[in-house]
Amino acid sequence: MSRVIGLQTRLAKVSLLAAVASAVCLAQFTPSDSAPWAAKAVSVTGQVSVMKDVTPWAISVGDVIQVRQVIITGEDGHALFQVSDGSTFEVYPNSQVIFRKNPGNWRDLIDLYLGRVRVHIEHLGNVPNPTRMITPTAVISVRGTTFDVSVDDEDETTLVEVEDGIVEVQHALLPRSETRTLTAGESLKVYKNEPIAQGSNKGTIIRQALRMAMDLAVTIGRPGSIKVSSPGTVGGGTKVPPPPPPPPPPPN
């Protein structure tokens, strides 16, 4: 019960932040300006919604997410979004994200308040593609890479895991804390009241493989995804004869 209340409280905070950001930026960012900055839903499964005022609206494939809109996923929700330069961000279950909360800065892609996302920033040939994403405890800067970010529900700890490329991580609440650079296979936890640690975890690749297997298991377990046969049947339900009994033991 306490977890449900906590999620409702956090959702109210995110909605309030989005409303404030919208009011502040409306004068400097008109709807005609926002079109090239929108994100398109490429794939959607389960419960995925966008907040319009204080009401959640279900998202379908092909829907467009505008700047400053809040994306929410339920326990079975998962969605992949793509922006105009080809970069993508993937939102996993039980997550809350604000898309381009700060439209005055084109580098800011998403703010993750809760849950998990996977971000892929496209390289623009030989031209850098500087992008940032922000969590309650971390600012993550990239030029072109693929990485996972998770925010813990209990203490807002941020976990950054780099799959490919290079990212820079800075503490969002302790600006004098050291900035860390992570490369492929490295990960880092950023705690709310602690400076960024000196070391980084090299076990990202193994964790990502396990996580991918878990994601696949969840997908397979969804109704209608893959038909699971019951014992004694295959595929469409055809009966399979039982195996023959073992041969008798040789005579003594």
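The values are calculated or read from the model by the stated rules, or taken from the named source; none is laboratory data. All figures in this text were calculated on a predicted structure; none of them were measured in a lab. Reconstructed Cβ throughout: ideal geometry from the backbone, glycine too, with neighbour counts over all protein chains shown. For the accessible areas, the whole protein counts, side chains as well, though only heavy atoms, and no ligand, DNA or RNA atoms are used. Shrake-Rupley method; radii C 1.70, N 1.55, O 1.52, S 1.80 Å.
Structure data summary
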item	result
Qualifying strands (runs of 3 or more DSSP E) (wholly inside region 23-66; at least 1 residues being at pLDDT below 95)	48-52, 55-58
Unique match (being under 28 Å from GLY74 (Cα atoms), open to solvent by 10 Å² or more (accessible area, probe 1.4 Å) and of a type in the set (Val, Ile, Thr)) among THR145, THR131, THR179	THR131
Count of region 142-160 residues which are under 20 Å from SER84 (Cβ atoms) and either part of a loop (DSSP other than H, G, I, E, B) or touching an Asp or Glu at 6+ places or on another chain (Cβ under 7 Å) (or both)	4
GLY125 being open to solvent by 40 Å² or more (accessible area, probe 1.4 Å) and farther than 25 Å from LYS192 by Cα	yes
Output for region 136-154, where each listed residue is touching a residue at least 24 places away in the same chain (Cβ under 8 Å), over 11 Å from GLN170 (Cβ atoms) and of a type outside the set (A, V, I, L, M, F, W, C)	PRO136, THR145, THR146, ASP148, SER150, ASP153
Matching residues, region 152-172, being open to solvent by 10 Å² or more (accessible area, probe 1.4 Å) and touching a Ser or Thr at 6+ places or on another chain (Cβ under 6 Å)	GLU156, LEU159, GLU163, ASP164, GLY165, ILE166, GLU168, GLN170, ALA172
Condition met for VAL139 (crowded, with 21+ Cβ neighbours inside 10 Å and either part of a strand (DSSP E or B) or touching a Cys at 6+ places or on another chain (Cβ under 7 Å) (or both))	no
Matching strands (runs of 3 or more DSSP E) fully within region 72-122 where at least 3 residues are under 17 Å from ILE134 (Cα atoms) and modelled with pLDDT of 95 or more	88-91, 96-99, 108-120
Identity of the residue in region 57-77, within 15 Å of ALA39 (Cβ to Cβ) and among the charged types (D, E, K, R), that ends up surrounded by the fewest Cβ atoms within 10 Å (Cβ to Cβ)	ASP63
Subset tally (residues that are in contact (Cβ under 8 Å) with a residue 60 or more places away in the chain and open to solvent by less than 30 Å² (accessible area, probe 1.4 Å)) for region 93-108	5
